[in-house]
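The values are calculated or read from the model by the stated rules, or taken from the named source; none is laboratory data. It should be emphasised that the depicted structure is a prediction, and the values quoted were computed from it without experimental measurement. For neighbour counting, all protein chains shown are included, and Cβ atoms are generated from backbone atoms with ideal geometry for every residue, glycine included. All accessible areas refer to the heavy atoms of the entire protein, side chains included, with ligands and DNA or RNA removed. Shrake-Rupley method; radii C 1.70, N 1.55, O 1.52, S 1.80 Å.
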Amino acid sequence: MKSPLRSRYDVVIVGGGPAGLAAALGARQAGVEHILIVDREIEAGGILNQCIHSGFGLHYFKEELTGPEYAERFIRNVQSDQVEILTDSYVLDISPALQLEIISGGYGHLQLQAQSVVLAMGCRERTRGSIRTPGFRPAGVMTAGLAQKMVNMHGVLPGRRIAILGSGDIGLIMARRLSLEGCDVTGVYELQPHCSGLTRNQVQCLDDFGIPLHLSATVAFIHGRDRVERLTIAPVNHELIPDLSRSWDVACDTLLLSIGLIPENELSTRLRLRMDPATGGPQVTSNLETSLPGVFACGNVLHVHDLVDFVSEESLRAGRFAGEVAIGMRRPSDNISLQAGENIASCVPQSLSPDREQIIYLRVKRPLKNCVLTIGDRYEKSFRMLVPAEMIRLTLAPELLDRYFGEMLKIDVRLREAT
Amino acid sequence: MNSGAEKIVGMSYDVVIIGGGIVGCALARELSRYDLRLALIEKEVEVGFGTSKTNSGIIHSGHHASPDTLKGRLEWAGNQRWSDLARDLKFGFKRIGELLLALQPEDLHYLQLLKKQGEDKGVPGLEIWSPQRIQKEEPNLNRTILQALHAPTAAVINPYEACFGLIECAQQNGAELFCGCPVLAINQTGADFSIQTPQGVFHSRIVLNAAGVFADRVAAMVGAADFKIHCRKGEEYLLDRRLQGIVTRLIFPVPTATSKGVLIIPTVDGPIMVGPTAEEVNNREDLSTSFAGAAKIFAAVHQYCKAISERDTITEFAGLRAVAETNDFVIGPSPVKGFFNVAGIQSPGLTAAPAIATYVTEMLRCEGLKLAEKPVWKAEIDGPFRFARMTQQQRQAAILQDPAFGRIVCRCEAVTEAEVRYAIRHGARTLDGVKFRVRAGMGRCQGGFCTMRVMALLSETLGLPLTEITKRGHGSEVCCPRQDNLSVGDGR
C-alpha cells in the first residue's frame, strides 16, 4: 500500500534522472523537509538506465561506473534522505503560483502546491524532420537513443546493417554497441568538418572497431518504401550544402540519427520562462533560478551537458538554492550580466553575483587550437585545444567579479597570435 | 473491428467497394444505411493509408471549384456535411476559415471572380479584406499583401481520423472490412463479379472502384478503363509548436493551373503545416520528399509569412493526388454494367467525399439497386476519447473509470495508455495505425520516447513478438531479433 501523498511540498522536482536526483540531495542539504521527485518512467534514473556502457562518474566519484550504477548511487542516497519519488507520473502543468497538475499511474489526477520547483526534464534527440532529409519514409530510421533502448532495455536489434548520421555521443556509443551485437556498422556520416562527440568516444567506439567516420558528409536521400534499403551519401561544401555530383550509395537496412539534443522545455515555455535561444533552455541566475522566482532549472533541460558528472554538480547546487528559497532564505541578486562573445556558442548562467565563487559552463562554436579565453579585461586563460563537443567549466573568484559591479561581462575566445 | 484476415472468404455481396481511402470509407458508411451485404477491401494494412493519410486536411470553403464541374458541385455540398460527421464520428474539426491572398495587382481580379463564383454557388460570408483588416486579423502575415478574400466556411480535420471514424461506423452497421487485401484480378460471369485477392475470392453484383491512384488499373481488370490516372505529388512540412497560433486561418495564394499553391495550414491539432508542392510523377509509389520540394515550399511561404522557418520542421511527408485527364472527378457507370468508377478524386476530394457518397448512392438507386433502409442504423460511434482535449473534471472521471488514463505514453502530445489500447481494440494494427489514431509519435520527438511503449502495447494486445510489429504493414518491421552468435564481425 502506497503512503498517501502530501498536498504541499517544500520542493517539487520535475524529472527523476541524474539532474532531478542530485537536485533532491541538494534540497535536503539546504535543510528543507518535504521533497518530491516526479518522474514519467516506472523507475527513477532517467536515460542512465539504458546507458549500460561504462565511463560515468570519473569526475564526480573518481571511478568508472556504468549508467545504471551511477544512477543507483544517487537513488540510494535520495531514498535514505527520505525524498519521496513519484514514478509513472507526468506533470501536465505548473501554474505561475507553483501549483502542479500531475497525472499518475498510481494516484490518478493530483494537484500539489510547491514552495519551489526544480525543472529537470532532460532533453530529447533531434529527428529526421529537423534536418529535412529527403527520400522515402520507411521503417528503420530512428534516433540513436531509441535504438539504444531497443537493444539494452528490450533485447531486440534495430536492424542488421547500420549507418549512422551524425557523430553525437549516443551515435558513437551505438556504433560500438551494435558492432558487439554482431551488426554490420557501415559508417558514421557527420555534416560538420569535425566530430560532434567526445574524443574518447571517437577513439573507443569507432577507431577501435574499424568503423569509418566520414566528415563533411550527409545523407542526401533515403531509399526503400517499407524498410530502409540504401542511402545516398553526399559530401557537403563549406556552406553545408550537399554536392550530389559526388554522391555515393550505401546499402543498409537501418539509419540511426545522432544529430543533436534539444532541452525538453515544454513546461518551461508554458510557464513563459525567459528562454535562451543559444542553449534552448531557460535563462538562469547564478542561483540557477529562472525568470519566474521559485522555479529553478538544471541538467540537460537547462543546457545540454557533455558529462553526467557536471549535471550532478550543477543540479546539487540548483536543488540547494531551491531549498533555500523554500525556507525563506535569501541571497543577493545578480549584478553582473554575462555575454557570449567571439567563438562562444553559449554560456550558463547568464548572470552572476560576486558574493561567492561562481561556476560557469561554456561551449565554443568551432574547434580552436592554441587559443586564449578572456572574461572582460581582467581574466585570461590559455587552452591548447577547445572543441564544441566538450564543455568548458570555469570557476570565478569573488575578487575578480567584484570589479564588475553592474557591468556586462563579455567572454571571448581568440586564437593566440603567432609570436 | 478487425482486419479480417481470419474471416472466411468466398462469400457473396451486393456491393464491394475497392479502396479504403476517404471516398471508400464514406461510401461504406453511406451504404451501410441500407439492407445490403456490403464489403470494403483495402490493399494496405489499414484504411486511410494511401492518399488520404497524406492529404492536407482541409475542408474547402466551397467557392474554389467551378460549378460547371462535378468537383465544383460536390465541393460545397460536401463542405456542409462535415460538422455533423465530426460530431457523430468524434474526430477533430475546426471551422477556421480561409484567406486567399492577392500578392500582385493581377491577382485582384481573381479575388473578385472567385467571390462571385462562391456567391453564385451559395457560399456564405465571402468578404474582400483590405490590407488594414488583414493586418488586424493576421498580424504575422507580410505587410505587402494587397487584398485577401475571406471565406469563413473553410475548416480543418485530420483526414485519417475521418477514415477511421467512417469505417468504424460502417462496420458497426454491418459492413465488412478486409485490409491487406489487394485486388489481383476481377472476372465477370453474367451479373456476378469475382474479385481475386490473396485472402480469397469476393463475389459481388456491384463493384465500386474507389482505388485512388490505382483506379485505372483496377478498372482495366474488367475492361472498363476508359480513363487514365496520373499522379501529382505533394510534399508537406509540419512545423514545431513554437509557431502554433501565428496564423489562425488557412492561408492560400492565388492558385495556378495545377494546384491551389503552397498553403499555410493551422492543423486541427494546432501545429502549423506548410505545403503542398504539385509535381507530376510516373511512379505510383513515389512518396519521397526532396531538397527541391522543401526549397520551393519555404520560398513560397516567405512571400506571405516571414515568421516561418524551414528549421522549425518536425517532419515532412509526401502524398499523391489521383488526377484524371479530364481534371475532374470520374464518377459514374463504366462500360461494364455493374462496375462503377469513383475515381480521379483530386482536390477538393476530401471536402466532397460525403457528397460523393450520397451522389453515388443515388446513382446506384437510379441504376436499379434496391435500397431499403435498415430499421436500425446508428450514425454515431462511441469513441475515441482524447485525454489532451478533456477538461480537468473529465480527466479525473476518466482515470477513476480506467487507471490507464493516468499513464502517459506519448509525452509530447499527452496521449495516455488507455487511448492506445482503445485504438488497438478498434482496428490499429501498426505503429502508424496507432499514431494516426491517437497522435502518439506525432509530436516533437517523433516517437523517440514512445515508440517502444506503443510497440509493447501492440505486442501485448495482438499477441505478437516485438519483432513482428510493423510501421505500416508487412515488410516494415521495426526491429529484429538479436543474433545468438555474438561476434565483432569480420575483423575489418
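Counting just the residues of the range B:256-303 that are among the charged types (D, E, K, R) and part of a strand (DSSP E or B), which one comes out farthest from B:Val438 (Cα to Cα)?
Of the residues in the range B:256-303, the ones among the charged types (D, E, K, R) are B:260, B:269, B:279-280, B:284-286, B:296.
With part of a strand (DSSP E or B) added as a condition, the list becomes B:279-280.
On the way: B:Glu279: 31, B:Glu280: 32 Å.
Once the filter is applied, the top-ranked residue is B:Glu280.
Going through (1) open to solvent by less than 10 Å² (accessible area, probe 1.4 Å); (2) assigned by TED's automatic domain parsing to the domain that holds A:Val228; (3) modelled with pLDDT of 95 or more; (4) out of contact with any Phe, Trp or Tyr (no Cβ under 7 Å at 6 or more places or on another chain) one by one, A:Val141 falls short only on (1). For the range A:197-211, check the following and say yes or no: at least one residue is touching a Cys at 6+ places or on another chain (Cβ under 8 Å), open to solvent by 50 Å² or more (accessible area, probe 1.4 Å) and at pLDDT 95 or above. There is at least one residue in the range A:197-211 that is touching a Cys at 6+ places or on another chain (Cβ under 8 Å), open to solvent by 50 Å² or more (accessible area, probe 1.4 Å) and at pLDDT 95 or above.
The single condition among (1) part of a helix (DSSP H, G or I); (2) aromatic (Phe, Trp, Tyr); (3) more than 10 Å from every other protein chain (Cβ to nearest Cβ) that B:Phe385 does not meet is (1). Every test in (1) in a loop (DSSP other than H, G, I, E, B); (2) more than 7 Å from chain A (Cβ to nearest Cβ); (3) closer than 23 Å to B:Cys163 by Cβ is passed by B:Gln446 save one, and that test is (2).
Out of B:Glu362, B:Glu419, B:Glu413, B:Glu380, I need the residue that is open to solvent by 60 Å² or more (accessible area, probe 1.4 Å) and either more than 19 Å from B:Ser83 (Cα to Cα) or at the interface with chain A (Cβ under 10 Å from one of its Cβ atoms) (or both). Which one?
On the way: B:Glu419 fails: open to solvent by 60 Å² or more (accessible area, probe 1.4 Å); B:Glu413 fails: open to solvent by 60 Å² or more (accessible area, probe 1.4 Å); B:Glu380 fails: either more than 19 Å from B:Ser83 (Cα to Cα) or at the interface with chain A (Cβ under 10 Å from one of its Cβ atoms) (or both).
Every option except B:Glu362 fails the conditions.
Using the structure shown, decide if B:Lys306 is within 14 Å of chain A (Cβ to nearest Cβ), surrounded by fewer than 22 Cβ atoms within 10 Å (Cβ to Cβ) and not in a strand (DSSP E or B). Give the steps one after another, and end with the answer.
Values: within 14 Å of chain A (Cβ to nearest Cβ): no; surrounded by fewer than 22 Cβ atoms within 10 Å (Cβ to Cβ): yes; not in a strand (DSSP E or B): yes.
So B:Lys306 fails the test.
Name the residues in the range B:242-255 that are assigned to a loop (DSSP other than H, G, I, E, B), on the phi < 0 side of the Ramachandran plot and either open to solvent by 10 Å² or more (accessible area, probe 1.4 Å) or at pLDDT below 95 (or both), would you? Scanning the range B:242-255 gives B:Gln244, B:Ile246, B:Thr248, B:Arg249, B:Val254, B:Pro255.
Let's see how each residue does on (1) open to solvent by 10 Å² or more (accessible area, probe 1.4 Å); (2) modelled with pLDDT of 95 or more; (3) part of a strand (DSSP E or B):
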position	(1), (2), (3)
B:Asp14	yes, yes, yes
B:Arg29	yes, yes, no
B:Leu36	yes, yes, no
B:Ala39	no, yes, yes
B:Lys43	yes, yes, no
B:His64	yes, no, no
B:Pro67	yes, no, no
B:Trp76	yes, yes, no
B:Ser83	yes, yes, no
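Considering each residue of the range B:421-440 in turn, at least one proves to be within 23 Å of B:Arg241 (Cβ to Cβ), in contact (Cβ under 8 Å) with a residue 40 or more places away in the chain and in a loop (DSSP other than H, G, I, E, B).
If the condition is being open to solvent by less than 10 Å² (accessible area, probe 1.4 Å) and out of contact with any Cys (no Cβ under 9 Å at 6 or more places or on another chain), then the range B:45-62 contributes B:Gly57, B:Ile58, B:Ile59, B:Ser61, B:Gly62.
Taking first residues from the range A:204-215 that are closer than 17 Å to A:Gly182 by Cβ and within 12 Å of chain B (Cβ to nearest Cβ) and partners that are modelled with pLDDT under 95 and exposed (fewer than 15 other Cβ atoms within 10 Å of the Cβ), the Cβ contacts under 7 Å between residues at least 6 apart in sequence or on separate chains come to A:Gly210/B:Arg492. Within the range B:108-125, the only residue that satisfies the criterion of being in a helix (DSSP H, G or I) and of a type in the set (Gly, Ala, Ser) is B:Gly118.
Specify which of the listed residues (A:Tyr9, A:Tyr60, A:Tyr70) is among the aromatic types (Phe, Trp, Tyr), away from chain B (no Cβ under 14 Å) and open to solvent by 40 Å² or more (accessible area, probe 1.4 Å). If you could, list the steps in order and put the result at the bottom.
Values: A:Tyr9 fails: open to solvent by 40 Å² or more (accessible area, probe 1.4 Å); A:Tyr70 fails: open to solvent by 40 Å² or more (accessible area, probe 1.4 Å).
Going through A:Tyr9, A:Tyr60, A:Tyr70 in turn, the sole match is A:Tyr60.
Summed over the range A:24-41, residues that are part of a loop (DSSP other than H, G, I, E, B) and more than 14 Å from chain B (Cβ to nearest Cβ) total 5. The residues of the range B:85-107 that are assigned to a helix (DSSP H, G or I) and surrounded by fewer than 16 Cβ atoms within 10 Å (Cβ to Cβ) amount to a single one, B:Arg87.
Please count how many residues of the range B:126-151 are in contact with a strand residue (DSSP E or B) (Cβ under 8 Å, 6 or more places away or on another chain), assigned to a loop (DSSP other than H, G, I, E, B) and surrounded by 15 or more Cβ atoms within 10 Å (Cβ to Cβ). Total meeting the criteria: 5.
For the range A:235-256, which positions are at the interface with another protein chain (Cβ under 10 Å from one of its Cβ atoms) and either assigned to a strand (DSSP E or B) or crowded, with 17+ Cβ neighbours inside 10 Å (or both)? Steps first, please.
Step one: list which residues in the range A:235-256 are at the interface with another protein chain (Cβ under 10 Å from one of its Cβ atoms), which gives A:241-242, A:244, A:253-254.
Within the range A:235-256, A:Pro242, A:Asp253, A:Thr254 meet the criteria.
The set of residues from the range A:105-154 being without any contact (Cβ under 8 Å) to a residue 60 or more places away in the chain and assigned to a strand (DSSP E or B) comprises A:Gly108, A:His109.
Selection of the range A:385-419 for residues being open to solvent by 80 Å² or more (accessible area, probe 1.4 Å) and either part of a strand (DSSP E or B) or hydroxyl-bearing (Ser, Thr, Tyr) (or both) yields A:Met385, A:Arg393, A:Met408, A:Lys410, A:Arg414, A:Leu415, A:Thr419. Note on the range A:16-42: among residues that are of a type outside the set (A, V, I, L, M) and without any contact (Cβ under 8 Å) to a residue 60 or more places away in the chain, the one that is surrounded by the most Cβ atoms within 10 Å (Cβ to Cβ) is A:Asp39.
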